Structures are given as C-alpha cells and as structure tokens.
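Comments concern the structure below.
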C-alpha cells in the first residue's frame with residue numbers, strides 16, 4: 001500500500017475539480033475552477049483545451065497544498081472527464097489545431113444524416129452500441145479534418161493525434177510520452193468495437209479518420225505513465241485510474257451488480273444501468289457502452305442520455321435572471337405548490353432519450369397571466385425529473401429489470417425539491433451520497449486499486465457513505481397528471 005493518498009482530477013463540461021482522497025475514502029481537500037464556453041454559431045459548443053490543461057495543473061497543485069501534503073505522498077493521479085468532447089492536436093508541437101468540440105455541439109448533424117442515408121447506422125450501432133448522432137466523437141473529428149486548413153493532409157501523414165479529454169490531459173502531463181485512453185472513453189467515440197475491444201478499421205474508413213491518430217486503449221485501473229518532471233510537480237507521479245465521468249460515478253456509487261442504476265445530475269445527465277459482462281444492445285434510444293475494464297474483465301452498461309439538466313437551470317439563471325443563488329431554488333419551487341400546467345422542454349441541443357430529435361428546440365408552454373418567475377423555475381426543475389424518468393422507464397422496458405432504487409450524484413442532488421420530485425415521478429427511493437463528487441471518487445477508487453491502496457471491490461463498497469434517502473409520497477393520480485402534461489409539452493416541440 002504506499003502512503004494511501006490519491007489525487008483525483010475531474011475535468012467536466014463546466015469546469016475542473018481536483019481533490020485528495022485518503023485510504024478511508026475521505027476527501028481531505030478540494031479545488032475547482034470554471035472554464036470559458038464558446039458558442040461560435042447556434043448549436044455549436046467549444047472549449048479551449050489549453051485553458052483546460054492549465055486549469056488542471058493549477059487546481060491539482062492547489063488541492064495538494066490544501067491537504068498539506070507533498071507530491072511524494074501521492075500514490076497515483078486519477079483522471080475522470082467529460083466523455084465525447086474531443087481534441088485534435090499536433091504530434092510534434094502538442095498544440096491543438098482547433099478548439100475542443102464539446103459533446104453538446106450539434107454542428108455535425110448533416111454528416112450524421114448523410115451517413116444514415118448511406119446505410120451505415122445499423123453497423124455503427126451493432127459494433128459501438130451507440131447511435132449515429134453528433135453527440136459522439138467521430139463526426140466531430142471528421143468535421144475538424146474537413147474544415148481546418150491542411151488538417152486532413154497532416155492527419156494522413158501521421159502528424160496529428162486525436163483524443164477525448166483524458167487522452168489530451170495524459171499526453172500533456174507526460175509531455176507526449178503517453179498517448180492512451182481507457183475502455184470507457186474509447187467506447188464513446190463511434191470508432192471502438194465494444195465487442196472485440198479494438199479500434200474498428202471499417203468505422204475509421206466510414207469517418208475518414210487515420211488509425212495513426214488513435215490512442216492506445218487500456219483497462220481503467222492500469223498505469224497510464226507518469227507526470228513529467230517539472231510539468232506538474234518537481235517529481236513524477238504515476239497516472240492510474242482513468243474513466244469517463246458517468247462511468248466513474250457508477251463505480252463511485254459502487255453499482256457493481258447487474259441491475260443497479262445511477263443518475264448523474266450535471267450539465268446534462270447520464271442514467272446508467274450495470275448489465276454485467278454480457279453485451280446487450282440498447283433499444284428505444286438506449287445506448288450500450290463499457291462500464292469499466294478491470295483486471296482483464298470488461299463490464300457493460302445501458303445508458304439513457306439527457307442533453308440538458310443543470311444546463312437548463314444555468315440558462316434560467318444567466319439568460320433570464322430569475323434567481324441569483326442556487327440555494328434559492330427549492331423554496332421558489334415549493335412556494336407555488338403546483339406547476340399550474342407550465343412545462344419547460346429544454347431542447348437547447350435537441351432531445352435525447354427516448355426521442356433523439358436533433359432538430360427539436362426548447363420551449364416553455366402553458367404560460368398564462370397568472371404565471372410568475374416561480375413557475376418558470378419550477379418547470380425547469382421538473383423538466384430534469386421528467387427527463388430522468390423518461391430514461392429510467394425506457395431502461396426498464398428495454399432490460400426487463402425494474403430498479404429497486406436510483407443512486408444519484410452531481411450538483412443537482414443538493415436540491416431537495418428536485419430529489420423529492422424525482423422520487424415521486426419514479427416511485428422508487430432516490431438515494432444520495434454524503435458528497436457529490438462521485439465521478440472523481442470512482443476514478444480515485446480505480447487509481448487506488450492500481451496502486452494497492454485497496455485490493456478489491458469489496459473493500460471499496462465499504463467506503464461508500466449514503467446521504468439522504470428520498471421516499472415517494474405523491475398520489476398516483478397527481479403523478480400521472482404531471483407526467484401526462486410533460487408528454488404533451490414534448491409533443492409540441494418534436495420535429496419528427
């Protein structure tokens with residue numbers, strides 16, 4: 001066991017967080033910073049990967065200082081990340097050829113439509129478990145190669161690399177010595193065959209992406225090299241425990257058995273169900289991905305993807321100015337007692353499960369002269385719960401498994417109104433944890449397994465600290481009325 005300390009980095013859509021975890025699974029210190037969001041055209045979303053890397057270095061150092069530890073005390077650096085967001089960079093200079101294109105970005109809708117018309121959708125779903133949608137990485141890389149001057153030729157010459165944010169950070173932290181990713185992140189690119197566990201040459205041809213751009217794919221709890229001397233700290237720190245953020249939260253929630261379900265309430269939301277070691281194709285808009293790869297064994301998940309949850313509340317706060325502080329929201333929602341048929345459908349980037357309507361746009365319906373800002377705020381909170389219910393209902397229908405409970409994490413779990421409304425909509429218990437940073441905690445657990453801090457999942461299961469449990473209390477007739485109103489509101493903004 002070394003010193004029993006893990007340094008974990010969570011690179012998410014809105015910012016980055018770092019924390020130090022000890023062998024008892026306690027968070028000793030935290031640091032966080034946001035980064036700029038770029039919207040060059042409607043429906044386009046970008047990040048500056050250099051800004052993100054510099055932010056990551058700063059907060060990792062800050063967290064270590066707050067914990068009053070020296071770098072030599074750290075057994076491993078863990079990384080979890082926003083998944084489909086992708087960077088293309090120059091192999092020699094280490095500089096991006098374009099901004100990172102974010103998972104929310106819809107600019108590649110025409111590419112996806114063209115590929116569907118050419119008949120590739122079935123093969124893509126069969127090999128990757130995913131939908132042919134702009135959400136995933138491959139068409140984003142294809143767009144960069146087609147639209148950045150000289151990029152396609154440089155890629156064909158082997159001069160460019162691509163990767164999700166974990167790959168980018170690992171490359172930078174190791175000063176170009178390691179170009180690697182883990183199974184979970186690879187499984188979100190539309191380029192990785194999740195049955196054979198290899199990059200798929202046929203898919204690379206479909207998207208016109210050279211194989212020389214790709215990272216080595218590894219199990220989530222293996223070593224990913226060492227931070228370069230003087231790049232992060234004076235000495236080297238092993239990088240181990242790399243996992244996409246949603247899967248990291250599933251691991252952090254200790255959802256180790258088939259049928260266990262978690263929901264992460266972040267910028268968007270991901271509802272994951274562990275389905276064990278056997279691949280199963282998702283139906284009804286569900287996708288199948290890799291949960292994690294540990295010690296030579298890969299497990300799978302069914303996933304329901306929700307594009308806008310926390311992002312909805314951010315829009316209400318920043319664009320409409322309806323509230324100033326996040327802790328105002330529960331009281332505002334509860335002050336009116338009922339939504340009075342006001343519904344918010346937050347299709348800012350289309351709608352995810354079960355609709356997958358790329359062209360749908362957001363709408364607020366049912367507004368009357370009685371409506372106040374509290375109705376808009378409440379409708380935004382309710383919309384999050386309705387979308388999660390859509391995902392869980394589809395998951396139950398597709399798997400034949402009714403979840404016993406929903407384990408939840410992310411910033412939204414701090415909102416008591418939302419969590420209670422979620423339990424009422426699902427009619428199952430909603431169980432939060434003592435802390436919200438489950439993605440980072442999952443990565444820390446994996447790094448600890450690699451470094452010998454913990455030996456197996458049984459030890460890790462004992463570390464999880466449950467928070468509050470929300471028990472359903474709404475009458476069935478009222479619940480049905482609410483959800484029927486949501487379905488009608490969605491029907492008004494769907495384009496197909």
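Coordinate-derived values only; no laboratory data. Only a predicted model underlies this, so the values are computations on that prediction, with no experimental measurement involved. Backbone-built Cβ (ideal geometry, glycine too); neighbour counts: all protein chains shown.
Quick notes on this structure:
- The packing ranking, built from the mean of other Cβ atoms within 10 Å per residue, places the peptides 422-429, 346-353, 143-150 in the order 346-353, 422-429, 143-150, highest first.
- Taking the helices alone, the chain has a mean residue ellipticity at 222 nm of -10000 deg cm²/dmol, built from -39,500 (n - 2.57) per DSSP H run of at least 4 residues and averaged over all its residues.
- Quotient of C-alpha Rg and 2.2 N^0.38 Å, computed over the chain: 0.93
- When you count the other C-beta atoms within 10 angstrom of each residue and take the mean per peptide, 96-107, 365-376, 393-404 line up highest first as 96-107, 393-404, 365-376.
- Remark: relative contact order (the chain) = 15 percent; criterion is Cα-Cα distance under 8 angstrom and separation of 6 or more residues.
- For the stretch 64-113, the normalised intensity computed at q = 0.26, 0.28 Å⁻¹ comes to -0.98, -1.04 (log10 of I(q)/I(0), Debye sum over alpha carbons, equal scatterers, no solvent).
- Alpha-carbon centroid distance for the pair the stretch 42-87 / the stretch 442-485, whole angstrom: 24
- A full extension of the chain between residue 204 and residue 278 corresponds to an added length of 24.1 nm, given 0.36 nm per residue minus the alpha carbon distance.
- Residue-span extension gain [residue 368 to residue 325] - 0.36 nm each, minus C-alpha spacing: 12.9 nm
- Cβ-based exposure ranking for 390, 75, in which fewest neighbours within 10 Å come first: 75, 390
- Length-normalised contact order of the stretch 1-75 in % [C-alpha pairs under 8 Å, at least 6 apart]: 35
- Inter-part distance, the stretch 380-417 to the stretch 190-231, computed on C-alpha centroids, equals 31 Å.
- For 287, 178, 271, the sequence from fewest to most other C-beta atoms within 10 Å is 178, 287, 271.
- The simple spin-label model puts a point 7 Å past each Cα toward its Cβ; for residue 465 and residue 334 those points are separated by 2.4 nm.
- Protection proxy ranking of 272-284, 121-133, by the mean of other Cβ atoms within 10 Å over each peptide's residues and highest first, is 121-133, 272-284.
- Whole-number percent relative contact order across the stretch 6-246, with pairs defined as alpha carbons under 8 Å at least 6 apart: 21
- Spherically averaged projected area of the stretch 6-246 from its Cα convex hull (nm²): 12.5
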